[in-house]
Amino acid sequence: MMSALSKSPVFEGPLSEAPRSNGIGVVTFGCRLNTYESEVMRREAESAGLGTLAGGAVIFNTCAVTGEAVRQAKQAIRKAHRDNPSARIIVTGCAAQTAPQDFTAMDEVDLVLGNEEKLKANSYRALPDFGVNDTEKARVNDIFSVRETAGHMVDAIEGRTRAFVQVQNGCDHRCTFCIIPYGRGNSRSVPMGAVVEQVKRLAGNGYAEVVLTGVDMTSFGADLPGAPKLGKLVKTILKQVPDVKRLRLSSIDSIEADGELLDAIATEPRLMPHLHLSLQSGDDMILKRMKRRHLRDQSIRFCEDVRKLRKDIVFGADIIAGFPTETDDMFENSMKIVAECGLTHLHVFPFSPREGTPAARMPQVRREVVKQRAARLRAAGEAAYRRHLASLAGTRQSILIERDGLGRTEGFTLAALGTGAPGEIVEADISGHDGIRLVATPLAARAA
């Protein structure tokens, strides 16, 4: 029930596997940006002719945000090879970008592509099946040499009822725990016109909800002419694409939230009242050692201020448990911030040292303590979520149906209706909850 994307892309494991299309399977790990890019990859791979290969091909779009994400990717690769030994296996994504040698060493893997290469059809023709004599198994260039991010146009996100649109890639910040900048490169924005055109295309193709996504999304625009900010992009989309019923932000770094974005939150009903925050800790000393740019009081004040602007706002957050040097008292500050910020969708990470990051060289907290703290944070998050579910009893909600009669409210809360077609927005009354999802009755059913 907890789902999110942070400034550092969240591993949303174990994995989501898009349906096999034209002999090409795409297995996606991690963040919503990866989900969007997987659709671009599928199109480019089909253009390259991968679907004509005997046995087909499976592309793994990996995540590097935790060691567990990498472990599960390797496990899934081995299973795919066992299930279909004749299929060509291609590995790409952040884990492939940051540690290509880990995948080239796997006998099951035929080709390793970097994050820039995975979006180009010609990269997939590097397989020997296409007559390439080069024995180099990895095609991974320096991601920091990439200066622009193109607005790749997609018509649909296969298997999804909401569409994702990339507005930004990369990150200029260097949090001490994070490996992602080395997988994604420096921050670079998609031109605003290209984003608007992509949203128009998806709305025209029937998507009721579009989610804007990026690695450090609130840094959008700094590298574009005139340096437009995220708030201007949001307002422009809502003005120029009247057909988009719901616009959602995948996550923001609250310290970078601009005035126009806050105004849009307050005044634009089509901008969904759900913000996922990259908090990472509730303790000032740990935040400083993480090289975060906010302190706990700033996070609390931000949530208070936004709640005054929009009473139905729902907050989620990422919090790391057991960061190096974290004492019991420091951890308790993270526990307290769940209530102090009014968080309801908590995404908890037991600290995972990533080789090459400063935090990996800091004094580590014992693993059993890290696990205990993560369990306590998760329990606090689950209790907060149940309170949130209970608070919605007796309300009326607009629910976007995803599958099997399940959907999401505007505040991204899971709801069970038992009816409705995927992609349809249904008005429903909330009678209660089962501890995981809201129990909802569509108005049409009540009228009948």
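Where a number appears in this text, it was derived from the coordinates with a stated rule and is not lab data. A quick note: this is a predicted structure, and the numbers were derived from the prediction, not measured. No Cβ is skipped: glycine too gets one built from the backbone with ideal geometry, and neighbour counts run over all protein chains shown.
Rg of the Cα atoms in segment 136-278, relative to 2.2 N^0.38 Å, amounts to 1.06.
Considering only Arg32, Arg139, Arg366, the mean-square fluctuation computed in a Gaussian network model of the chain, springs between alpha carbons under 10 angstrom, is largest for Arg366. For Glu424, the residues whose modelled amide H falls within less than 5 Å of its own, excluding neighbours fewer than 5 places apart on the same chain, are Ile401.
Classify segment 223-367: rounded, prolate or oblate, from the alpha-carbon gyration tensor (a ≥ b ≥ c, eigenvalue square roots; a/c under 1.5 rounded; otherwise prolate if a/b is larger than b/c)? Here segment 223-367 falls in the prolate category.
Would you please give the FRET efficiency between Ala339 and Thr419, computed as 1/(1 + (r/R0)^6) with r the Cβ-Cβ distance and R0 = 25 Å, to the nearest 0.05?
Once the sixth-power term is evaluated, E becomes 0.10.
Each Lys and Arg adds +1 at its Cβ and each Asp and Glu adds -1 at its Cβ; summed about the Cα centre, the chain shows a dipole of about 500 debye.
The residue among Ala57, Leu111, Ile399 whose Cα reaches farthest toward the positive pole of the charge dipole of the chain, with charges on the beta-carbon of Lys, Arg, Asp and Glu, is Ile399.
Springs join every pair of Cα atoms under 10 Å in this Gaussian network model of the chain, and among Asp243, Asp284, Asp305 the largest mean-square fluctuation is at Asp305. Given their separation in residues at 0.36 nm each and the Cα-Cα distance between them, Asp434 and Asn186 gain 84.9 nm when the chain is fully extended. Note on Glu382 and Asp172: their simple-model spin labels are 4.2 nm apart, each label 7 Å out from Cα toward Cβ. Maximal additional length on extending the Asp142-Asp305 stretch stands at 54.6 nm, based on 0.36 nm per residue less the C-alpha distance. Give the separation of the Cα centroids, segment 325-397 to segment 62-128, in Å. Computed from Cα coordinates, the inter-centre distance equals 31 Å.
Quick one: length gained pulling Asp107 to Asp329 fully straight, 0.36 nm per residue minus the C-alpha distance?
Value of the extension gain: 75.2 nm.
Shown for the chain: cysteine residues without a partner Cβ closer than 4.7 Å, namely Cys31, Cys63, Cys94, Cys171.
Comparing Cα centroids, segment 401-436 and segment 209-261 end up 26 angstrom apart.
At a Förster radius of 30 Å, what calculated FRET efficiency corresponds to the Cβ-Cβ distance of Asn122 and Ser86, to the nearest 0.05? Don't skip to the end; give the middle numbers.
On the way: r = 24 Å, r/R0 = 0.79.
Result of the calculation: an efficiency of 0.80.
Of all DSSP beta bridges confined to the chain, the antiparallel ones make up roughly 35%.
With only Cα atoms counted, segment 388-437 has Rg and Dmax values of 9.7, 27 Å.
Go through 209-215, 193-199 and give me the packing order, highest mean Cβ count within 10 Å leading.
Numbers: 209-215: 25.4, 193-199: 19.3.
Sorting 209-215, 193-199 by mean packing, highest first, produces 209-215, 193-199.
Here the 3J(HN,Hα) profile of segment 422-439, calculated from phi with Karplus coefficients 6.51, -1.76 and 1.60 at θ = phi - 60°, is x, x, 7, 9, 10, 7, 8, 8, 9, 9, x, 7, 10, x, 10, 9, 6, 9 Hz, Gly and Pro shown as x.
Projection of the Cα convex hull of segment 164-231, averaged over all directions and equal to a quarter of that hull's surface, yields 5.1 nm². Return the tail of the calculated pair distribution for segment 345-448, meaning the percent of Cα-Cα pairs more than 17 Å apart. In whole percent, the long-distance tail amounts to 61. If you run the Gaussian network model on the chain, springs between alpha carbon atoms under 10 Å, then out of Arg246, Arg367, Arg162 the most flexible one is Arg367. Principal axis extents of the Cα atoms in the chain, from largest to smallest and rounded to whole angstrom, are 65, 58, 47.
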